[in-house]
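The values are calculated or read from the model by the stated rules, or taken from the named source; none is laboratory data. Treat the numbers as computed from the prediction; the structure is a model and nothing was measured. We place every Cβ from the backbone using ideal geometry, glycine too, and count neighbours over all the protein chains shown.
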Amino acid sequence: MYQWRSLTPTERVEVLTSRQSTQHPWHSPPHWKSDGPTRYHLTAACYEHTPHLGYSPARLDAFTAQVLSLCTEPLAHLFAWCVLPNHYHLLIDTENLTSVTSALGSLHGRTSRAWNVEERTTGRTVFHRTADRRIRSEAHFWATLNYVHHNPVHHGYAKRWTDWPWSSARDYLHSVGHPEAARLWHRHPLLDYGAGWDDPQI
């Protein structure tokens, strides 16, 4: 079972360098295009928080690529994302939430079957479900974006946003600049964001 926490600093640098050298996408630059009521924070977790996603770096790479390929126009616009060993977060804009969650459900089904064959655990439940929360305001949007990018730090997988490869944080910082990102971080603090529904042991 792959555990990012167990890698040495040198090994983590090697993973980051490898992803960049092979041109694995981090994320396209964000486009802040909508103030409407169609923005959502989606969260999906592995069943009983088991780190099925984190089985290997290759699995994280492949799953991330598939999620990003789903969240494209015209189905959805992706503002921020993060994939961790046992759950993931997406901040999207969409006119059809049902189609997005249905596509993610199909992805969960396909990958569950493939991973169970790979690990010889046919019939095992891999994913729990996808939860959605409508973004209520601009302040809620920025707090959510900060939360998504901070999640690897929150769960102890990284010390800085840019230390976690499977996230849009690096490109977000490149797009808006560190001073502006810091301003938005302090203006929209997390406080108790996620309390009661984001298990600290995830």
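Values as computed for the structure displayed
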quantity	calculated
The lone exception for TRP26 - which of (1) surrounded by 12 or more Cβ atoms within 10 Å (Cβ to Cβ); (2) under 30 Å from ARG187 (Cα atoms); (3) modelled with pLDDT of 90 or more it fails	(3)
Search result, residues across region 102-140 that are at pLDDT below 95 and either under 14 Å from the mean Cα position of the chain (by Cα) or closer than 17 Å to ALA80 by Cα (or both)	THR130, ALA131, ASP132, ARG133, ARG134, ILE135, ARG136, SER137, GLU138, ALA139, HIS140
Residue within region 55-76 that is of a type in the set (Gly, Ala, Ser), part of a strand (DSSP E or B) and at pLDDT 95 or above present	no
Residues located in region 77-87, provided they are closer than 18 Å to THR162 by Cα and part of a strand (DSSP E or B)	PHE79, ALA80, TRP81, CYS82, VAL83
Check on TRP32, at pLDDT below 95, aromatic (Phe, Trp, Tyr) and more than 14 Å from the chain's Cα centre (by Cα)	yes
Meets criteria (surrounded by 15 or more Cβ atoms within 10 Å (Cβ to Cβ) and either in a loop (DSSP other than H, G, I, E, B) or out of contact with any helix residue (DSSP H, G or I) (no Cβ under 8 Å at 6 or more places or on another chain) (or both)) for ASN151	yes
Every pair of residues 6+ apart whose Cβ atoms lie under 7 Å, when the first sits in region 170-183 and is farther than 17 Å from ALA158 by Cβ while the second is surrounded by 17 or more Cβ atoms within 10 Å (Cβ to Cβ)	SER175/PRO30
Of all residues in region 109-147 being touching a residue at least 12 places away in the same chain (Cβ under 8 Å), of a type in the set (Val, Ile, Thr) and part of a helix (DSSP H, G or I), the one that is surrounded by the fewest Cβ atoms within 10 Å (Cβ to Cβ)	THR111
